[in-house]
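Before any comments, here is the structure.
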Amino acid sequence: MIEMVNVSKSYNRGRIQAVDNLTLIVPAGEIFGFLGPNGAGKTTAIKMIVGLLRPDTGRVIVEGFDVGRDALRAKQIMTYVPDYPAIYERLTGLEYLNFIGDVYGVAKEARLQRMNKWLEAFELSDVLTNPIQSYSHGMKQKIALTAALLPSPRVMVLDEPLSGLDPRAAFQLKDLFREHCDQGKTLLFSTHIIEVAEKLCDRIGIIHKGRLIARGSIEDLKALRSPERSLESLFLELTDK
Amino acid sequence: MRKTGILFRAGLKSNFGLALMCHRWFKEKKDRWILPIIAASIAGVLPILSGLVILIQRTYDVLQPMNQERVLLAWGVLAGQIAILIFGIYYVVSAFYFSRDLEMLIPLPVHPYEVMLSKFSVILANEYLTIAALVLPFLITFGVLSGGGTGYWINAVLVYAALPVIPLALVSALVVAMMRLVNFTRRKDFFIFVGSISLVALAFAIQFLPQVAGNENTTVADVAQFLSSRDSLLEKVGAFFPPCIWAAKAIAGGFSEEGLKNLALFLGTSVFFFLVLILAAERLFYKGAVGLSEAAVQNKPLSRRELSRRLSSGRRAFSAIFIREWRIMVRTPIFFLNGILIVILLPLFFIPMVQVASSPFGSSLRRAAAQEGSLIIILLVALFMVICSALNGASSSAFSREGAQFWISKAIPVAPRRQAAAKFLHSCLLGIVGIFAAAIVADYVLRLKATVLCTSAGLALAACAMMTAVGMIIDLARPLLDWTNPQKAIKQNLNVLLALCTDIGILTAIFFGVRALLRAEAAPAVVIGALYGVLIGLFALSYAALLRFAEKRYPEIEN
């Protein structure tokens, strides 16, 4: 479960309010999607969940652990994939996965089993011993996803996870999301693609200018105006203020 | 040329982070505390510079009666040019071929030579700053001592302006040609390693060959005759690189016929090399640069058994971080040069320097070293080891080197103090490599007793550990994480300079402490014991401060 309580974050000495008093609960077993235009505050909110940014006010709690006060325990059960996969380019894919396995304390057998599964699914087995530097953007995204899956975390947080992925990998990732949450685990991701949010999420939160302006299931959101209208027109209407 | 100017300005802003610096200082009003620190750091280097100036002054006083003083100018010029030649290859290769802006620049409607000239100019601007501390003390001290007139100073400015052109153009033309003719693009790191090691070998040859040539059956009469003719020493030093003779004669000669003739020769040669570079750039630059994003890899599927064999069987997080640090440093050429190669090479550069004065100087050093329990020798050897181990940017760029990947260190479930400890061990080991290399050279030159060597190494180790922790604290206070070219993380990182100045400050304070003890006629054992106590105490304090600071600072760093 992820819990954000009155979380705010500003930049430039308060002149830019990136996230404004955000309160949100994502229960275990749910896929939650942050939907919003560019610069809405999705990435800032996500970075505060995983502890990369400190909120100015409010608290973030992951599976009962306060990310600010009990950071190590929260990090032990959570993994994150950034929007741009900035990972160690001078290491090989295998070395990077070994590094992640070591720091999360993943046992060798579990490591082997999970790596075989995901490397095959993402078609990375052939390039595993090559330096990450030589990977395409999509391949880097896939190795970052494999690394995030390796510890089998209770909470996964992903920022624009489908960007750069080929259709096959995107399809597999959607299956993976479902499988992950069917095991009672939590998944939160951001996107600005409405179809992705519509197809994947149990619930969606529309974020605009740092504020969560709507949240609920697709049906709930559509019911806000009229059930016949598309999520896209609702989104455009809500974010056009 | 207008386009070159636009590219140059953009490159300069990006290279020195001018736009970002202005934004931080004047718009965000952040990091302003760095200004007084920079001023204090520059002030901290002044004692070293004044030491160099005094050395030049004394040498001038010795050489001037023999009409050999102009060799000083050649030494200054040569030192600057050799430094550019050796380190230039890294800067040229990374700026010309491996900087990330190239993919944006190639599609622009500009000539290849304009792109390359703008990059060349940015490196040139960098080099003026880099060699200033090496060359300017020679030019200024000589000018003051010889009473140089207007001609001297104008020629000195012109020579200084043109000084980096020949070695940089030489390296650039060589690199451009090699990148075009040989398919090194797929082995770029290998190319940088081989290229730099070849240039280092060349630098050694330049230092060794004159001695070899001069050592055959030399008699006292020969030496007397040699020194009786004006500038014989200058001619000998510059025999392997005549432009430094022209530069020295141009500056010293001022507006005289000799001065102007040599100035024309020096500037003309610089212009010639520059034109060759432009020609090579227009014809070859883009041909070598296109396709660089391709990497030299072969896809090799791993069998399940092979994968199982190569999987780590669960290292501790500390070891995993230590190994990561090591791998990234060894595999990134600019980190390798500034972190590892420099600590090995620096002591080696002292071998020929000492042999230059082999007969009187070397033997007197050995005699002093042979004295039982020579305190001064122990301290000097320890200082030499400290300089060799501390002159690498590993500790003061330990966090900056992570760059955009720092998010991983923040996201993983490993306490910042453990991460800092693993990085400390890595940086400290590099320092120990430097101490070891310095010990070998010191023993080779001075034939030291084992006790002297061990005592010096112990002192150097304590100082190195303390300096490593201090360097890391400085880098952690203001890590440079938004670089796109790894060169910026270590070579152009202000933290490296700040750490160096702090180290100099600490060593100066220790020097005064030791001098006070010596004046109080303390026994050698007391001096050494006190030094050990102070250094170990400082290390313990700085290491504890580093670990505490890491816990505080990691959550604050936002990248």
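Karplus-derived 3J(HN,Hα) values for the stretch B:312-317, using 6.51 cos²θ - 1.76 cosθ + 1.60 with θ = phi - 60°, are 5, 8, x, 6, 6, 4 Hz; glycine and proline are entered as x. In the structure shown, the pairs B:Lys236/B:Lys449; A:Lys9/B:Lys488; A:Lys117/A:Lys209 are assessed against 32 Å; a Cα-Cα span above that value is assigned to B:Lys236/B:Lys449; A:Lys117/A:Lys209. Taking a quarter of the surface of the Cα convex hull of chain A gives a mean projected area of 13.2 nm². Sorting the segments B:301-311, A:203-213, A:158-168 by their mean number of nearby beta carbons within 10 angstrom, highest to lowest, gives A:203-213, A:158-168, B:301-311. Solvent-accessible area per residue in the stretch B:315-559 equals 40 Å², computed with a 1.4 angstrom probe and all protein chains kept.
Please identify every one of the GluC sites (Glu not before Pro) in the stretch B:483-559 that sits in a loop by DSSP and has no more than 16 other beta carbons within 10 Å of its own beta carbon. Let's see the in-between values first.
Details: sites: B:Glu521, B:Glu551, B:Glu556, B:Glu558; in loops: B:Glu521, B:Glu558.
Qualifying residues, ordered by number: B:Glu521, B:Glu558.
So, with a 1.4 angstrom probe, what is the percent of accessible area on the stretch A:66-184 that is carbon and sulfur? Mind dumping the intermediate values first?
Working: 2020 of 4280 Å².
On the stretch A:66-184, the fraction of accessible area on carbon and sulfur atoms equals 47 percent.
Quick one: buried accessible area between A and B, total over both chains, 1.4 angstrom probe, nearest 100 Å²? All intermediate terms of the calculation are to be shown ahead of the outcome.
Details: alone 11800 and 27940 Å², together 35500 Å².
Roughly 4200 Å² of accessible surface disappears when A and B pair.
Partner shielding of A:131-139 amounts to 2, given as the average count of beta-carbon atoms from other chains within 10 Å of each residue beta-carbon. Accessible surface calculations at 1.4 Å, restricted to protein heavy atoms, place chain A at 40 Å² per residue. Entry note, chain A: relative contact order of 28 percent, from Cα contacts under 8 Å with a spacing of 6+ residues. Normalised by the number of residues in the stretch B:315-559, the mean separation of alpha-carbon contacts (under 8 Å, six or more apart) gives a relative contact order of 30 percent. The accessible-area loss of the stretch B:300-315 on complex formation, taken against its chain alone with a 1.4 Å probe, reaches 10 Å² or more at B:Lys300, B:Pro301, B:Leu302, B:Arg304, B:Leu307, B:Ser308, B:Arg310, B:Leu311, B:Ser312, B:Ser313, B:Gly314, B:Arg315.
The values are calculated or read from the model by the stated rules, or taken from the named source; none is laboratory data. A quick note: this is a predicted structure, and the numbers were derived from the prediction, not measured. Neighbour counts run over all protein chains shown; Cβ positions are idealised from the backbone, glycine included. Side chains included, ligands, DNA and RNA excluded: accessible areas come from the protein's heavy atoms. Shrake-Rupley method; radii C 1.70, N 1.55, O 1.52, S 1.80 Å.
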